[in-house]
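This report concerns only the one structure given below.
The values are calculated or read from the model by the stated rules, or taken from the named source; none is laboratory data. It should be emphasised that the depicted structure is a prediction, and the values quoted were computed from it without experimental measurement. Quick reminder, even Gly has a Cβ in these numbers, built from the backbone with ideal geometry, and neighbours come from all protein chains shown. The protein model used for the area step is the full one, side chains on, heavy atoms only, and it has no ligands, DNA or RNA in it. Shrake-Rupley method; radii C 1.70, N 1.55, O 1.52, S 1.80 Å.
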Amino acid sequence: FKNPIGVDGYVMINVNGEDKKILIHDTHLEEDTASLDHYNAYSLIDYNRCGVPLLETVTEPCLNSADEAIAFLETLRSIFLYTDTSYARSDRGQIRCDVNVSLMDIDADETKEENWGTKIEIKNVNSFGNVYDAINYEIKRQSELKDAGRYDEVEQETRRFDEESGTTIRMRTKADAIDYKYY
């Protein structure tokens, strides 16, 4: 993260016939540590991917819907396949996504960070369908709290997506905003 291999780029996507530029903050290499498989009463750690290099792409906060997020991921996957960088198979952990969701009033100036809502990070979402469902669930969850006048209950935290229930589940809170990036 401290020595990115690319900064300040962009990827063009097409969503419903509209072109949009997705701004890339940086691309950097990390090392995979392990994967967690969560169950109702416990989690298992799989160390089989330890030491595998990860290419992480961090966007600016410019994606405004689950449709845009999926178009971005599909475009990245196409680039990886075309350049023979990866098979980008989510069922093998070769492509996954951390998602940040926050709400902002529709008429607010999105260029001003103080107008952004509280960021919720959803870790290691393992399929494009789950990314789509996790984003839409989190938008609905936060919207219901906002509509009820309880948006202050939305805490900056890390959540995971539970496929069985179609919900996000709290994993931990983070004390500082610097712990969060946009993916």
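Hey, can you find the accessible area per residue of the range 65-108 for me, probe 1.4 Å, expressed in square angstrom? Walk me through the intermediate numbers first.
On the way: 2580 Å² over 44 residues.
Per residue, the range 65-108 has 59 Å² of solvent-accessible surface.
Please express the shape of the chain as an equivalent ellipsoid: the semi-axes are the square roots of 5 times the eigenvalues of the C-alpha gyration tensor, given largest first in whole angstrom.
Numbers: eigenvalues 126, 97, 52 Å².
They are 25, 22, 16 Å, listed from largest to smallest.
Among residues other than GLU68 whose Cβ falls under 14 Å from its Cβ, what is the net charge (Lys/Arg +1, Asp/Glu -1)?
Here the count lands on -4.
Roughly speaking, what is the stretch gain from GLU110 to MET12, that is 0.36 nm per residue apart minus the C-alpha to C-alpha distance, in nm to one decimal?
So the chain would gain 33.3 nm between GLU110 and MET12.
Where Lys and Arg each count +1 and Asp and Glu each count -1, what net charge lies around TYR10 among other residues with Cβ under 13 Å from its Cβ?
Local net charge: -2.
Return the calculated 222 nm mean residue ellipticity for the chain, to the nearest 500 deg cm²/dmol, obtained by summing -39500 (n - 2.57) across DSSP H runs with n ≥ 4 and dividing by the residue count.
-7000 deg cm²/dmol, from helical runs alone.
Just reorder ASP32, ASP162, ASP19 by solvent-accessible area, largest first, 1.4 Å probe, all chains present.
ASP19, ASP162, ASP32
Quick one: order GLU30, GLU114 from most to least accessible surface, probe 1.4 Å.
Ranked list, largest accessible area first: GLU114, GLU30.
Suppose R0 equals 41 Å; then what is the FRET efficiency for LEU23 and LEU44 from their Cβ-Cβ distance, rounded to the nearest 0.05? Working shown, then result.
Values: r = 37 Å, r/R0 = 0.90.
That gives a FRET efficiency of 0.65.
Protein chains only, probe 1.4 Å: how do ILE106, ILE5 rank by accessible area, largest first?
If we order ILE106, ILE5 from most to least accessible, we get ILE106, ILE5.
Using a 1.4 angstrom probe on heavy atoms only, work out the carbon and sulfur share of the accessible area of the chain in %. Before the final figure, lay out the partial values.
Working: 5420 of 11500 Å².
Accessible surface attributable to carbon and sulfur in the chain totals 47 percent.
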